[in-house]
Amino acid sequence: MSMFCYQCQETAGGTGCKIRGVCGKTEDVAKLQDLLIYTVKGVSEIVVKGKLSAEKLGAVNGEVLSSLFMTITNANFDGDAIEAQIRKMLALRDGLRATVTGELHDCATFTAGTREAMLEKASPVGVLATENEDVRSLREMITYGVKGMAAYAEHAKNLGKEDPAIYAFIYTALDSTLNDSLTADELVALTLKTGEYGVKVMALLDEANTSRFGNPEITEVSIGVRKNPAILISGHDLTDLEQLLEQTKGTGVDVYTHGEMLPAHYYPAFKKYDNFAGNYGNSWWKQVGEFESFRGPILFTTNCIVPPKSEEVRTRIFTTGSAGFPGCTHIMPDENGKKDFSQIIALAKTLPAPEEIETGSIVGGFAHNQVFALADKVVEAVKSGAIRKFFVMAGCDGRMKSREYYTEFAEKLPKDTVILTAGCAKYRYNKLNLGDIGGIPRVLDAGQCNDSYSLALIALKLKEVFGLDDINKLPIAFNIGWYEQKAVIVLLALLYLGVKNIHLGPTLPGFLSPNVAKVLVETFGIAGIGTADEDIKLFMGK
Ligand code: FSO
Ligand code: SF4
């Protein structure tokens, strides 16, 4: 078999991409990503066996985060960048290995000096190296959760917030995926532990974002366009956005957000920039048409990249951080983390203003602090029966036609229900004009996928206000759309917090073996989705 990847919701046939990724990932890039993960596992084994303190590992921690992030779906398609990262990790690994005695796994000792040697080495060490499908399923679920954790930890680190305990867990978890003596029960326990650290990393990122940029607040965001040349920024990294806004200030170049960058508008710190013009377009997969009509340069700070169809669009795409695409200029930071975006700004000035594709505005900014400020109103609405139920519909969007379910579901929900959302899943219903309940909008957008943490805090607050002993007794249902590995860590975090009966769609993960799926169903009540009508009946209890 040339490659095997089943880490995301779009995996071929629901079981695995074997020739080329549905995402556009080539066989070679898939193999190099496998080898990068294998190398990071080697580093993890050395850290664990050598009892090395994560606190003292310095640059290694950051490189481990970047390596994991580069392998997340739609983040990095650049084989050269992944090869360079493997070399970097091999050098770091070998430097650490000198401190450890005793026998080590092959991933901690192998060598591969050329691209050919890397590709050859990658083939037998990928996902299918674990023969037992249940063990493979659990190991991969943990690995994908750790990838999502690394993405959030990298954003927090970029803002100067780190927690060595999270790094230590990443090493322990990855090392455990090499351990053939662990039982399935022990791996299930480690999966939940991964969720526990998922909560920690989302809390860390929340603290990093809010301490630097303020608490998100109710904000009306324009979805139309102005007449100036402009740059579109996508992905999730708010430090990149901050630097871009600083550098475009006063240049006559506007900045628009795309996809998951939309919630940046909710932070007070970014409101001072007159050139922060609004949000352009919709969720990540709509970029194919929206980048054509935007006409200006695009900066990807993270996933989700869709391989550009035309050379013209490709020349306008820039990447930074863990994102990458062959042929697109990648902006590196200097030793202080500063990035020079001048070439993007210069290009913007030569290009026309964006073409208008929508007009008007949308409202968001309902992260925990803002919702707590409205708590009395919300509690009153629940007590009076004006709000009968909340629906957490956080997560991701994707290209599959079956995701139309989420639009239909939102449209058909009874008018006395409120949707709590976060992540790019929101684009399936955030422009539907679902109205409000006594001034509370029926779609409350908390922010990016990591801000699902806010939704958990809101649920915990309601549990406290209503004096309940169990989060599952609240009038809240969870109907979550998933796509990539950040959604895996969000899901594991919710399971750790004790949330039961989560419905996950549009399809259950291909990496769940029948037995592991059974455990999730029996222990946590995880379920798939049916039709919008059937599911609404089920959720509303009639
Ligand atoms: Fe979406 Fe992509 Fe944020 Fe993901 S843009 S799918 S879960 O990267 O990270 O929600
Ligand atoms: Fe396939 Fe998803 Fe892997 Fe891409 S990331 S190769 S679409 S499973």
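Bear in mind that the values in this text are calculations on the coordinates, not laboratory data. No experiment lies behind these values; they were computed from the predicted model shown. Note that we place each Cβ from the backbone using ideal geometry, even for glycine, and neighbour counts take in every protein chain shown.
Taking the stretch 1-71 on its own, what percent of its Cα-Cα pair distances exceed 15 Å? Provide the component values of the computation, followed by the final result.
Details: 1477 of 2485 pairs.
Considering the stretch 1-71, 59 percent of its Cα-Cα pairs are separated by more than 15 Å.
Based on DSSP H assignment, which helices of the chain show an axial Cα extent of at least 24 Å together with a mean Kyte-Doolittle hydropathy greater than or equal to -1.0? All intermediate terms of the calculation are to be shown ahead of the outcome.
Numbers: long enough: 27-49 (33 Å, 0.47); 79-97 (26 Å, -0.24); 133-158 (37 Å, -0.57); 184-213 (43 Å, 0.17).
Taking the DSSP H segments of the chain (at least 24 Å long, mean hydropathy at least -1.0), we get 27-49, 79-97, 133-158, 184-213.
Check residue 443: other-chain or 5+ apart residues with amide H under 5 Å from its amide H, H built from backbone geometry?
Answer set, sorted by chain and number: 419.
Find the eigenvalues of the gyration tensor of the Cα atoms of the stretch 219-349, then list the square roots of 5 times those eigenvalues as equivalent ellipsoid semi-axes, largest first, in whole angstrom. Spell out each step's value before the answer.
Details: eigenvalues 75, 61, 41 Å².
The answer is 19, 18, 14 Å, longest axis first.
Within the chain, which is the longest segment that contains none of the GluC sites (Glu not before Pro) sitting in a DSSP loop with at most 15 other Cβ atoms within 10 Å? If you can, show how the numbers build up before the last one.
Details: sites that count: 103, 131, 335, 355, 356.
The longest uninterrupted stretch comes out as 132-334.
Please list the non-local residues whose amide H lies under 5 Å from the amide H of residue 230, H modeled 1.01 Å from N, same-chain partners needing a gap of 5 or more.
254
Give the calculated FRET efficiency between residue 534 and residue 274 to the nearest 0.05, with a Förster radius of 45 Å applied to their Cβ-Cβ distance. Let's see the in-between values first.
Working: r = 49 Å, r/R0 = 1.09.
E(calc), rounded to 0.05, equals 0.40.
When DSSP assigns beta bridges and you keep just the ones with both residues in the chain, what percent turn out antiparallel, to the nearest 5? Present the calculation step by step, with values, prior to reporting the outcome.
Working: 8 of 40 bridges.
DSSP beta bridges in the chain are roughly 20 percent antiparallel.
Starting from the Cα of residue 109, step 7 Å toward the Cβ, then list every residue of the stretch 169-196 with an amide N under 17 Å from that point.
Answer for the stretch 169-196: 178-180.
State the extension gain, in nm to one decimal, for the chain segment bounded by residue 226 and residue 373, taking 0.36 nm per residue of separation less the distance between their alpha-carbons.
On the way: separation 147, 0.36 × 147 = 52.92 nm, distance 3.32 nm.
Computed gain between residue 226 and residue 373 is 49.6 nm.
Simple spin-label model, 7 Å along Cα-to-Cβ: residue 470 to residue 98 in nm?
Going by the 7 Å Cα→Cβ label model, 5.7 nm.
Please report, in cubic angstrom per residue, the volume enclosed by the convex hull of the alpha-carbon atoms of the stretch 333-483.
On the way: hull volume 26.6 nm³, N = 151.
That works out to 176 Å³ per residue.
Calculate I(q)/I(0) for the chain by the Debye formula, one identical point scatterer on each C-alpha and no solvent, and give its log10 at q = 0.11 Å⁻¹ to two decimals.
Debye curve over Cα of the chain, log10 I(q)/I(0) at q = 0.11 Å⁻¹: -0.96.
Which of the residue pairs 31/401; 200/537; 401/431; 309/338; 31/518; 56/486 have a Cα-Cα distance greater than 24 Å in the structure shown?
Values: 31/401 29 Å; 200/537 35 Å; 401/431 18 Å; 309/338 31 Å; 31/518 30 Å; 56/486 27 Å.
Exceeds cut-off: 31/401; 200/537; 309/338; 31/518; 56/486.
For residue 320, list long-range residues whose amide hydrogen, built 1.01 Å from N in the peptide plane, is under 5 Å from its own amide hydrogen.
Amide H neighbours of residue 320: 300, 331.
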